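A.B. asks: Could you have a look at this structure, given as structure tokens, before my questions?
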Amino acid sequence: MKSAVIVFPGSNCDREMIEALRLVSGCDPAIVWHRDAELPAGIDLIAIPGGFSYGDYLRAGAMAANSPVIRAVKDAADRGVMVLGVCNGFQVLTETGILPGALMRNAGIRYICRDVVLRVENSQSVFTAGYEAGEEITIPIAHHDGNYQADAETLDRLEGEGRVAFRYTGEVNGSARGIAGILNPQGNVLGMMPHPERAVEPAHGLTDGRRLFEGLIGALAQAA
Amino acid sequence: MKIRIFVTLKPGVLDPQGKAIHHALEGLGFAGVNDVRAGKLIELEVSESVTDAELDDMCRKLLANMVIENYRIERVAAPERAPA
């Protein structure tokens, strides 16, 4: 599997993402700088990591959404390449319009850094193939702007089309309908606030994130 | 020419920062504040050739997130100079 991790000034979960991909796939991901206008050829998966790209200036993800590399990511997503955006990566995907809605300041104002229990709402996507539908998993979160909001019509559409991948099982950050992660209509783009790459080996204390990568890599291998 | 762009949350969008400011005002003993909404003011210095349509485009593409925010553009009149 060929993967790439995008790095912006201010990204701070890129190392974890690179290590998680290396650990699970056995291949080294390409590391792509935000100014690069092209992605390596033949890429299967693009990961946009967490952090504070461009210092979260203007809005979280707003500057990154207009960087040269994101145009290439958009084109790749349109061609069906898998795109995984975690935390700030999710914010970037909503700011570009690749995913609907917006991530606002947490309802309780505070930055939240803790483990949360998620319910896997859809196990049919390539990203959630490693889980059972309805399964509860524990994944860490670390964010200030994770309060997912969209208009009622968009929320209904996401629910109706099975595009809510993960939902918080309790109140966390004010997100509409407890949404923690969503898919695009084609199912090749997933944005989520929780950090699966921080829960891939026993030393992390949690390993539920590992199956996201295993399921994804397995699904990609099957499709190849 | 100076342009002021006011970016505000759309009505109905929950504003946690506004809520916190409201609480703080109440904590200071200011009565009669019914609601607080926090927004952003962005000032641009642009040449005369920049059109309204271009300013609009800047707001839609970057300065405001149209999913949750509205914007209002204000052209600031140059201060009147005293006759020489």
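A.B. asks: Return one quarter of the surface area of the convex hull spanned by the alpha-carbon atoms of the range A:3-223, equal to its mean projected area, in nm².
C.D. replies: Mean orientational projected area (the range A:3-223, Cα hull): 10.7 nm².
A.B. asks: Tell me which chymotrypsin sites (Phe, Trp or Tyr not before Pro) from the range B:4-84 have a DSSP coil assignment and no more than 15 other beta carbons within 10 Å of their own. List each step's numbers first, then the result.
C.D. replies: Values: sites: B:F6, B:F30, B:Y71; in loops: B:F30.
Of the chymotrypsin sites (Phe, Trp or Tyr not before Pro), the ones in loops of the range B:4-84 whose Cβ has at most 15 other Cβ atoms within 10 Å are B:F30.
A.B. asks: What's the local net charge at A:V81, with K and R +1, D and E -1, over the other residues with C-beta under 14 Å away?
C.D. replies: Net of charged neighbours comes to 0.
A.B. asks: Return the Rg/Rh ratio of the range B:2-76 with Cα-based radii and a Kirkwood Rh.
C.D. replies: That ratio equals 1.10.
A.B. asks: With charges set only on the Cβ (+1 for Lys and Arg, -1 for Asp and Glu), what does the dipole of chain B come to about its Cα centre, in debye to the nearest 20?
C.D. replies: Numbers: 11 positive and 13 negative charges, 34 e Å.
The dipole of chain B has a size of about 160 debye.
A.B. asks: Once you average over the residues of A:150-160, how many Cβ atoms of partner chains fall within 10 Å of each Cβ?
C.D. replies: Values: counts 2, 5, 0, 0, 1, 0, 0, 0, 0, 0, 0.
Mean shielding count: 1.
A.B. asks: If you don't mind, another one. Can you put A:I109, B:I3, A:I139, A:I18 in order of Cβ neighbours within 10 angstrom, beginning with the fewest?
C.D. replies: Lowest count first: A:I109, B:I3, A:I18, A:I139.
A.B. asks: Under a straight-distance cross-link criterion of Cα-Cα below 29 Å, which lysines are reachable from A:K74, leaving out those fewer than 8 residues away in the same chain?
C.D. replies: In chain and number order, the partners are A:K2, B:K10, B:K40, B:K61.
A.B. asks: Let me ask you something else. What longest region of chain A stays clear of chymotrypsin sites (Phe, Trp or Tyr not before Pro) that DSSP places outside H, G, I, E and B and that have at most 14 other Cβ atoms within 10 Å?
C.D. replies: My reading of the result: A:112-224 is the longest stretch.
A.B. asks: Let's see if you can work this out: charge +1 on each Lys and Arg Cβ, -1 on each Asp and Glu Cβ, no other charges. What is the dipole magnitude of chain A about its Cα centre, in debye to the nearest 20?
C.D. replies: In total the dipole reaches around 300 debye.
Any read-out appearing in this document is the output of simple, stated calculations on the displayed coordinates, not a laboratory observation. It should be emphasised that the depicted structure is a prediction, and the values quoted were computed from it without experimental measurement. Here the Cβ is made from the backbone with ideal geometry for all residues, glycine too, and neighbour counts use every protein chain on show.
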